């Protein structure tokens with residue numbers, strides 16, 4: 001184990017800031033730390049709060065390497081030139097234990113300092129093996145009253161910062177839901193395909209360290225309490241069914257999330273995404289390139305308004321012709337919508353002067 005002299009502190013500015021409403025959690029971190037060998041680690045809820053706060057603090061430093069290769073080079077230059085390089089973090093204790101219990105705070109940090117403690121190796125961009133020692137955190141200290149400072153190694157920091165594959169989670173999830181298994185299930189749920197998945201009872205028992213003999217008992221005693229929590233405290237919940245020992249989990253976006261869980265801005269974004277997914281599912285748009293349609297609908301208000309106007313006319317036209325609107329699938333649906341958008345534009349005063357200045361969704 002390295003002593004204090006062999007640790008190299010690269011940064012000292014990862015300190016507490018205003019908490020994020022949504023955090024981006026790397027699936028590489030989930031798989032290597034929270035779900036070792038596809039089994040959920042029994043991480044206490046207060047330790048999960050520390051993890052969520054670390055991710056909230058570094059959110060402005062996270063990046064997607066395919067889109068931001070320069071950021072990967074900068075990270076490499078700062079953190080992966082030598083062994084045992086660490087970053088310093090500082091978090092208010094009240095964010096870990098709402099009761100401000102010193103015992104709870106100490107236990108949470110001790111858990112993360114010792115869990116999976118060992119030597120870790122990653123390769124830098126030059127192909128050199130970079131070694132670090134520790135758990136997720138190292139050397140927690142309580143020098144400032146009401147705060148805890150600690151170190152995070154370059155190995156684990158890289159897994160948190162580099163977002164090759166990630167999912168969004170609500171920061172408040174670890175405060176609104178007190179059961180660590182329920183939070184870990186929500187993290188797992190965020191990873192499964194939107195179409196859902198199926199898992200054997202034996203596999204679920206192993207994954208979440210439970211021991212239900214029958215699928216019905218697992219669904220009633222384990223899944224239902226989680227579903228009730230996620231329905232009001234998370235953006236994503238699920239339906240389930242089972243056939244013998246096979247349990248099916250079907251994701252859905254929550255509609256009746258508790259009023260004070262989301263800000264108005266985030267709730268509006270959530271509803272926009274739900275509406276977009278409605279179009280994708282109803283008109284079988286999954287197999288075509290939706291980059292332009294997705295961006296224009298989600299990000300540009302004027303285009304979204306035009307699409308909704310066109311959709312009203314689209315449904316009205318189909319009813320008048322005695323047809324089902326779902327006869328238009330995939331690219332045919334988007335072509336029909338684009339045609340209506342062009343007609344709407346050219347009927348306006350602007351459209352008469354600039355007939356080709358219509359919103360484009362294809």
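If only residues of segment 83-115 that are part of a loop (DSSP other than H, G, I, E, B) and at pLDDT 90 or above are counted, the one that is surrounded by the fewest Cβ atoms within 10 Å (Cβ to Cβ) is 115.
Taking segment 172-192 as the region of interest, how many residues are part of a loop (DSSP other than H, G, I, E, B) and surrounded by fewer than 18 Cβ atoms within 10 Å (Cβ to Cβ)?
Matching residues across segment 172-192 total 3.
Is it fair to say residue 130 is in contact (Cβ under 8 Å) with a residue 24 or more places away in the chain, under 24 Å from the mean Cα position of the chain (by Cα) and within 18 Å of residue 156 (Cβ to Cβ)? For residue 130, the condition - in contact (Cβ under 8 Å) with a residue 24 or more places away in the chain, under 24 Å from the mean Cα position of the chain (by Cα) and within 18 Å of residue 156 (Cβ to Cβ) - is not met. Among the residues making up segment 47-82, those that are assigned to a helix (DSSP H, G or I) and more than 26 Å from residue 148 (Cα to Cα) are 69, 70, 71, 72, 73, 74, 76, 77.
For segment 38-46, the count of residues that are closer than 22 Å to residue 151 by Cβ, in a helix (DSSP H, G or I), under 23 Å from the mean Cα position of the chain (by Cα) and modelled with pLDDT of 85 or more is at least one. Filtering segment 311-323 for residues that are in a helix (DSSP H, G or I), under 28 Å from residue 270 (Cα atoms) and at pLDDT below 90 leaves an empty set.
Condition check ((1) at pLDDT below 90; (2) in a loop (DSSP other than H, G, I, E, B); (3) not assigned by TED's automatic domain parsing to the domain that holds residue 216) across all residues:
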{"residue": "239", "(1), (2), (3)": "no, no, no"}
{"residue": "258", "(1), (2), (3)": "yes, yes, yes"}
{"residue": "270", "(1), (2), (3)": "yes, no, yes"}
{"residue": "274", "(1), (2), (3)": "yes, no, yes"}
{"residue": "280", "(1), (2), (3)": "no, no, yes"}
{"residue": "289", "(1), (2), (3)": "yes, yes, yes"}
{"residue": "292", "(1), (2), (3)": "yes, no, yes"}
{"residue": "297", "(1), (2), (3)": "no, no, yes"}
{"residue": "307", "(1), (2), (3)": "no, no, yes"}
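If you check 173, 184, 266 for being closer than 30 Å to residue 293 by Cα and under 18 Å from the mean Cα position of the chain (by Cα), only one passes: 266.
Is at least one residue of segment 199-213 closer than 20 Å to residue 45 by Cβ, in contact (Cβ under 8 Å) with a residue 40 or more places away in the chain and not in a loop (DSSP other than H, G, I, E, B)? Looking through segment 199-213, at least one residue is closer than 20 Å to residue 45 by Cβ, in contact (Cβ under 8 Å) with a residue 40 or more places away in the chain and not in a loop (DSSP other than H, G, I, E, B). Checked against (1) surrounded by 11 or more Cβ atoms within 10 Å (Cβ to Cβ); (2) under 39 Å from the mean Cα position of the chain (by Cα); (3) on the phi < 0 side of the Ramachandran plot, residue 324 passes all but condition (1). For residue 154, the conditions (1) under 16 Å from residue 31 (Cβ atoms); (2) touching a strand residue (DSSP E or B) at 6+ places or on another chain (Cβ under 6 Å) are fulfilled apart from (1).
The values are calculated or read from the model by the stated rules, or taken from the named source; none is laboratory data. Just so we're clear, the structure is a prediction, and the values are computed from it rather than from any experiment. Neighbour counts run over all protein chains shown; Cβ positions are idealised from the backbone, glycine included.
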